[in-house]
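Read through the structure below, which is laid out as structure tokens, and then see the notes.
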Amino acid sequence: MIEEEKTGNRVRPRDSARVNAVIATTEIRDQPEVVNCVSFNWEGTFVAIGTNKGFRINRCANQKHSSVEPKLFHEIPGGVSIVKILGETNVVVYVGTRENASLRKNLVVVWDAEAQEVIAELAMAANVNEVSLRRDCLVVFLQRQTVVYALETLQKFCSFDSHENDVGVGAISQDLDSFTLAAPVQQEGKQCL
């Protein structure tokens with residue numbers, strides 16, 4: 001069965017959503033922060049840390065001494081399971097958690113860190129297990145499908161069925177002269193390149 005995805009546009013929260021977010025925000029402040037995911041941008045100059053309270057982005061100030069400078073914290077009640085930074089741009093992509101009622105795990109959010117607003121949301125028919133980014137595309141790895149979007153327009157470029165992919169196995173090349181995608185295919189034990 002092919003899992004079709006549904007795309008959406010920019011969504012503005014209603015007043016009731018803001019009130020719910022404020023209530024949920026005060027509830028999560030009492031919980032200890034738990035790290036759900038960590039990722040670097042391509043250049044290794046920023047690290048994104050997704051937690052049960054949202055995500056933070058730190059600049060890797062001096063890689064020889066492993067120091068970081070806090071750059072940004074974006075609070076999301078219920079937290080995030082995936083967070084990725086697009087190079088050294090202001091574009092951040094994140095996905096909610098199973099525990100997050102307001103930000104489902106099947107929703108990919110493209111966020112502008114400078115403007116502090118949602119650029120777009122991509123609603124999938126299944127939970128998102130991994131996301132990969134490069135300057136020209138966004139790849140979403142689902143349980144049984146891999147979907148590739150053109151990053152500039154967020155229009156679907158292609159999709160294909162994959163083997164069971166519970167943990168989001170997959171990667172894309174960062175070389176802009178060629179596009180290479182590695183993902184499980186339907187035949188067990190094979191990879192698609």
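The values are calculated or read from the model by the stated rules, or taken from the named source; none is laboratory data. Just so we're clear, the structure is a prediction, and the values are computed from it rather than from any experiment. Cβ coordinates were reconstructed from backbone atoms using ideal geometry, including for glycine residues, and neighbour counts include every protein chain displayed.
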Of the conditions (1) buried (at least 18 other Cβ atoms within 10 Å of the Cβ); (2) among the polar types (S, T, N, Q); (3) modelled with pLDDT under 90, residue 102 satisfies every one except a single condition; which number is it?
(1)
Could you say which residue among 159, 81 is surrounded by 14 or more Cβ atoms within 10 Å (Cβ to Cβ), touching a Cys at 6+ places or on another chain (Cβ under 9 Å) and of a type in the set (Gly, Ala, Ser)?
81
Yes or no: the range 142-158 includes at least one residue that is assigned to a strand (DSSP E or B), under 13 Å from the mean Cα position of the chain (by Cα) and of a type outside the set (Val, Ile, Thr).
yes
Residue pairs within 9 Å by beta carbon, gap of at least six or interchain, first lying in the range 98-124 and at positive phi and in a strand (DSSP E or B), second surrounded by fewer than 14 Cβ atoms within 10 Å (Cβ to Cβ) and aliphatic (A, V, I, L, M), listed first then second, are none
